[in-house]
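Note sheet for the following structure.
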Amino acid sequence: MTDHKAFPTQEIGSLPKFSWRTKPFRQQPLEEGDIAVARAWGRRLGVKNLEPLLRLLKKRSGFTDEERRRIVEFSMLYAIAMQEKAGEHLREPGLDLVWSGEQARTEMYETPVSNIKGFEFLGRVRSFDNKYWREASVRRKPAYLRDYHLDEFLYTKSHARRRPKIPVTDAITIVAWSDHYYYTRKWGRRSLAPAAKRFSARREMTLELAGVIRRVVRDLLRRGAREIQLDSPAATQYQTVEDAKLVAESFNETTRGLDGTFSLHSCFPPKYGYGILFPHLLEAKNCSRFSFEYANRDGYAVGVDDGRRVGYEDLKLFRDYGYEKELGVGVVHVHTDRLPTLAAVRDRILYAQKVTDLPPEKIFVNPDCGLRTRSPEVAYEMLGLVAAGADEAREALAGN
Amino acid sequence: MHWQDILRPFTTSVKGVKKGAMVRWFNTNTFYFTPVVAGELLSDGSAVSRTFNPSLVKSGAITKVILPDPLTFVELAENSYYTSRERLIFAYCDNVLRPEVEHLSRMGIGYVQFSAPGVVARFRGKPLPRAELEQAGEGLRTVLKGVKVRSGYHTFFGDAAPYLPALFDLIPTDDIGFDFTETDPASLGSGEGLIAGVADARSSYVESAGELALRMGGLGEKFRKITLAPSCDLQYVPRSVADAKLRNLAAARLRLIGK
């Protein structure tokens, strides 16, 4: 759904969790400092009914399940407020599309896999620096268990003042981050080349999982969700042409027969960039917005020429293939505390519009990816830059 | 080890290299910072050794260190300083690998493995020019000349068959390694030292010792020295799975030597 506003803004992934959100789940007692942080950020963000949370946190330890559920809800309120107040100095602060910032999830893989039948957890595997995910092995055909995002969506919907969205991890990513035991054994008996066996196994698993996720999405739509973001960080993991086609096939299978606004987010491709997905990705016909990370590969200088905006080179792919729908453009690199200047963010946005030649209403502005690895302070500043950068870009356009 | 990806010691501690964008490591869910070569490469030899505790070397066992091979480094780096890939290959070998390997040898490191996924995991099958394999071989000859370490060159994530027998002919390391999930052992021919990547390090299925031994086929008669190994780094499976795979590799060895 296209906004009637130039350069609408959105959160794209996770937000950091405060220590008062995580410690009660790790059986660690809260300290005075944790409660002070809750108080300070709650006031800063204007979180309503703060006192009940602070009273609850003062219990320090031994929280019941119900108390932990309330802590998660407060955490979602903080995340929503962080997005709706981002760029608080602006005349119109806040992002246009918001969600609960992964506060109700363990993370984007473990939560869905824990709630789909057929998986068994094996142990932790390192992804990046000292960040790990808990890998699961698929032991039988995956099956729907419950709509694992419904509660968080309903909570977000009833507490957000801005348009709510709901990110859902796609089948491609769950497959890429899982062990394929059941499918590997099934295809291992066929007389195919090893690479063909592996692809056939992951294709079958992907499409079967897409069917399960479709049911999750369908339930969300029935309960009022309109904006579904399919998260596909692993879209560029396997780099064959067949795998690029599978990304689109998986998207289509997940959204088949459903009525909503569907977008796809991906990030951190191999050195060849997003070009490895083209043109096959554009066969994801139900996708109205592709939101990718770009700032990670960009320089910090100000300017809207190709030389200054090297990180945004891949946007030309959309132009070259005649793409006319929406784009989400990452304008803040999330794996560093180094903040770009507001002018550089503005120019990244203006360059994206210039190089794609899309109407500014179709260029959404967001961080590159989830901000969970940043401190709350840095994450909030980055969200502020997204809001303020879009504001500056609008003014620049209006002045031209 | 305190490094977070195999290139990190070089992106953070070698002169002439800056840390660039975070990028996906081949077809995995792991990432590295791109080494951006913006000046003359120069290492004092301690980039790698400062990332691990020297007490590891004193344990009595042969300690092995893994380094990116020249072709993988060149493939993944962004080069704005050297006028050709060839110059970058030789600069990396002469100014970085040589001082690093010399220093590691002085520390008592007994084995250096050059990991070479960049040679065989070619994007959409684009072949590596033979000339570059020759340059890497020449560069590594300089790196290893007179240094008292045993060395290996391990290819993984792709089929090495298109580069055989060139790998054996051109690469001067004591052992050449292969990922048996990608490279058919029947294509290997014969030679001196072989790293047989028989255990699938991308799958959490733990092969039995018998299965691993079976994957060796008749290679035992064709190579003078064989090392049984995982197909690639074991970081792609949980620790408990990795430990089980290593245990079964040891058991497979006993089975193969008839103990």
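The values are calculated or read from the model by the stated rules, or taken from the named source; none is laboratory data. Computed from a predicted structure; not experimentally measured. Cβ atoms come from the backbone with ideal geometry, glycine included; neighbour counts cover every protein chain shown. Surface accessibility is based on the protein's heavy atoms, side chains included, excluding ligands, DNA and RNA. Shrake-Rupley method; radii C 1.70, N 1.55, O 1.52, S 1.80 Å.
Data for the structure
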read-out: Residue, nearest to A:Pro142 (Cα to Cα), within the range A:101-112, restricted to residues that are within 14 Å of another protein chain (Cβ to nearest Cβ) and of a type outside the set (D, E, K, R); value: A:Tyr109
read-out: Those residues of the range B:242-252 which are closer than 23 Å to A:Phe128 by Cβ and either open to solvent by 40 Å² or more (accessible area, probe 1.4 Å) or out of contact with any helix residue (DSSP H, G or I) (no Cβ under 8 Å at 6 or more places or on another chain) (or both), in sequence order; value: B:Asp243
read-out: Lone unmet requirement of (1) in contact with a strand residue (DSSP E or B) (Cβ under 8 Å, 6 or more places away or on another chain); (2) open to solvent by 40 Å² or more (accessible area, probe 1.4 Å); (3) of a type in the set (Phe, Trp, Tyr) for A:Tyr272; value: (1)
read-out: Conditions (1) in a strand (DSSP E or B); (2) within 14 Å of chain A (Cβ to nearest Cβ): number failed by B:Leu194; value: (2)
read-out: Test for B:Gly220: is it within 24 Å of B:Lys64 (Cα to Cα) and either of a type in the set (Val, Ile, Thr) or in a helix (DSSP H, G or I) (or both); value: yes
read-out: Qualifying residue in the range B:2-9 (condition: touching a residue at least 12 places away in the same chain (Cβ under 8 Å), within 14 Å of chain A (Cβ to nearest Cβ) and open to solvent by 60 Å² or more (accessible area, probe 1.4 Å)); value: yes
read-out: Any hit, the range B:207-218, residues being without any contact (Cβ under 8 Å) to a residue 60 or more places away in the chain, open to solvent by less than 40 Å² (accessible area, probe 1.4 Å), within 14 Å of another protein chain (Cβ to nearest Cβ) and not hydrophobic (A, V, I, L, M, F, W, C); value: yes
read-out: The range A:17-37 residues that are closer than 13 Å to A:Phe63 by Cβ and among the β-branched types (Val, Ile, Thr), paired with ones that are open to solvent by 40 Å² or more (accessible area, probe 1.4 Å) and outside any helix (DSSP H, G or I) (beta carbon under 9 Å, 6 or more apart); value: A:Thr22/A:Gln28
read-out: Residue list for the range B:12-39, restricted to those being outside any strand (DSSP E or B) and touching a Gly at 6+ places or on another chain (Cβ under 6 Å); value: none
read-out: Subset tally (residues that are within 13 Å of chain B (Cβ to nearest Cβ), in contact with a strand residue (DSSP E or B) (Cβ under 8 Å, 6 or more places away or on another chain) and open to solvent by 10 Å² or more (accessible area, probe 1.4 Å)) for the range A:234-267; value: 0
read-out: Those residues of the range A:290-307 which are surrounded by fewer than 21 Cβ atoms within 10 Å (Cβ to Cβ) and away from chain B (no Cβ under 13 Å), in sequence order; value: A:Ala301, A:Val302, A:Gly303, A:Val304, A:Asp305, A:Asp306
read-out: Whichever residue in the range B:40-51 is open to solvent by 10 Å² or more (accessible area, probe 1.4 Å) and part of a loop (DSSP other than H, G, I, E, B) and, among such residues, is nearest to B:Glu134 (Cα to Cα); value: B:Ser43
read-out: Qualifying residue in the range B:160-167 (condition: within 13 Å of B:Ser231 (Cα to Cα) and touching a residue at least 24 places away in the same chain (Cβ under 8 Å)); value: yes
read-out: B:Leu228 being more than 14 Å from every other protein chain (Cβ to nearest Cβ), within 24 Å of A:Val125 (Cβ to Cβ) and not in a strand (DSSP E or B); value: no
read-out: A:Ile174 being closer than 29 Å to A:Glu242 by Cβ, surrounded by 23 or more Cβ atoms within 10 Å (Cβ to Cβ) and of a type in the set (A, V, I, L, M); value: yes
read-out: Residue satisfying all of: in the range B:62-92; in contact with a Ser or Thr (Cβ under 8 Å, 6 or more places away or on another chain) and in a strand (DSSP E or B); surrounded by the most Cβ atoms within 10 Å (Cβ to Cβ) among these; value: B:Pro68
read-out: Any hit, the range A:115-135, residues being away from chain B (no Cβ under 13 Å) and more than 21 Å from the chain's Cα centre (by Cα); value: yes
